[in-house]
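> Right, I'll just put the structure down here and ask away after.
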Amino acid sequence: MSYLPRTISNRTSAPVTIDEARCIADKGCTVCVDVCPLDLLAIDLTKGKAYMQFDECWYCMPCEKDCPTGAVKVDLPYLLR
Ligand code: SF4
Ligand code: SF4
C-alpha cells in the first residue's frame, strides 16, 4: 500500500485486535481465520483466542463483519474511512 503515509506503516499496534473476553475460539469458532483472504489471523491454542499473526491487512473487513460475537475490531486507516 505505497499510497499510505509512512505514519500508518510505521505504527506500533496491529490493525486488527481481538477482544479476548468475547472471542469464543475456545468453543471451536474459527470464522475470522477462515474468512481472511490473506490468512493473517490465527487461533492461539494455549489461550483459545484468535489473534493477528501477520500485520499485512487489506482492510476488506469480513473478519469483523462475520465474527459471531463482535470480538474483531479492524482499525481502518484514516484515508480509507
Ligand atoms: S470469529 Fe470472533 S469469536 Fe470466532 S475465533 Fe474469530 S474473534 Fe473469536
Ligand atoms: S480486514 Fe481482511 S485482510 Fe484484514 S484481517 Fe480482516 S479479513 Fe484479513
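> Restricting the first residue to the range 22-36 and requiring it to be touching a residue at least 24 places away in the same chain (Cβ under 8 Å) and assigned to a loop (DSSP other than H, G, I, E, B), which pairs with a second residue that is among the hydroxyl-bearing types (S, T, Y) and open to solvent by 30 Å² or more (accessible area, probe 1.4 Å) meet a Cβ separation below 6 Å and a spacing of at least six or different chains?
R22/T69; I24/T69
> Yes or no: the range 53-65 includes at least one residue that is open to solvent by less than 30 Å² (accessible area, probe 1.4 Å), more than 14 Å from P15 (Cα to Cα), assigned to a loop (DSSP other than H, G, I, E, B) and modelled with pLDDT of 95 or more.
no
> Taking the condition of being over 13 Å from P15 (Cβ atoms) and aliphatic (A, V, I, L, M), how many residues in the range 29-52 meet it?
In the first step, residues of the range 29-52 are kept if they are over 13 Å from P15 (Cβ atoms); the result is 29-35, 37, 39, 42-50.
Still in the running and aliphatic (A, V, I, L, M): 31, 33, 35, 42-43, 45, 50.
Adding up the residues that qualify gives 7.
> Oh, and also: Out of all the residues in the range 22-43, which are surrounded by 12 or more Cβ atoms within 10 Å (Cβ to Cβ) and basic (K, R)?
R22
> I would also like to ask the following. Has the range 46-57 got any residue that is near ligand 1 (Cβ under 9 Å from one of its atoms) and more than 15 Å from G28 (Cα to Cα)?
no
> Name the one entry in T17, T12, T46, T69 that is at pLDDT 95 or above, among the polar types (S, T, N, Q), outside any helix (DSSP H, G or I) and exposed (fewer than 11 other Cβ atoms within 10 Å of the Cβ).
Testing whether each residue is at pLDDT 95 or above, among the polar types (S, T, N, Q), outside any helix (DSSP H, G or I) and exposed (fewer than 11 other Cβ atoms within 10 Å of the Cβ) leaves just T46.
The values are calculated or read from the model by the stated rules, or taken from the named source; none is laboratory data. Please read these numbers as outputs of a predicted model, since none were measured by experiment. Note that each Cβ is placed from the backbone with ideal geometry, even for glycine, and that neighbours are counted across all protein chains shown. Surface areas here come from the heavy atoms of the whole protein model, side chains and all, with no ligands, DNA or RNA. Shrake-Rupley method; radii C 1.70, N 1.55, O 1.52, S 1.80 Å.
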